[in-house]
Amino acid sequence: MLSWYGRHGTDAYDLADRLPRGRGRVAAWNAYVCQTYADKLAESCRHAPNEAASYARALYDLACHWLERAQAPDGRLDLVLPSWGSLVRSEEELVAMRDTLTALRTYVAFEIGEDDPRLTAVDEQIATVDELWIPRPTPEIRAGIGTALIMGIEKAVELGGTVALG
């Protein structure tokens, strides 16, 4: 069901690469972030609780919104991701979030170069996640991992937006 829902935003995967740096590309980057995040959740959480599915649908809706804005980018371009509601994520959700962070970091690193010091803030969150990642983590550890992943995703979103703006 989620894969069908998400197919409307698949243009996000290449639009940011096609647009010149500027406001339209920032909106396209935001669409890419939302589509990637939702696809990773749909892939990892096939038998997920309703919270993951509704979160993925919200991200798919945001991806479509940002794709439309990429054609006429007016107003604020800050991406505000939906709130999860609780701090504790399932292991499947954490895997999806980790895969999202890795994908966003890879995209940005390709744009600015692997040695760019601006990646440090994202890399610090990845290091925190790696330190906490254990088999069958307790709810408290899952909350810590989830928080670090959210912070890393937000830092990657911000850096990607800055790069897209030019």
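Details
- Any hit, segment 35-42, residues being under 19 Å from Gly160 (Cα atoms) and either without any contact (Cβ under 8 Å) to a residue 24 or more places away in the chain or among the hydroxyl-bearing types (Ser, Thr, Tyr) (or both): yes
- Any hit, segment 137-155, residues being touching a helix residue (DSSP H, G or I) at 6+ places or on another chain (Cβ under 8 Å) and of a type in the set (S, T, N, Q): no
- Residues considered: Glu124, Glu158, Glu92. Of these, the only one that is part of a helix (DSSP H, G or I), acidic (Asp, Glu) and within 23 Å of Arg46 (Cα to Cα) is Glu92.
- Of residues in segment 33-78 being surrounded by 15 or more Cβ atoms within 10 Å (Cβ to Cβ) and outside any helix (DSSP H, G or I), the one modelled with the highest pLDDT: Leu77
The values are calculated or read from the model by the stated rules, or taken from the named source; none is laboratory data. What you are looking at is a predicted structure, and each value in this text was computed from that prediction instead of being measured. Note: ideal-geometry Cβ built from the backbone for every residue, glycine included; neighbour counts use all protein chains shown.
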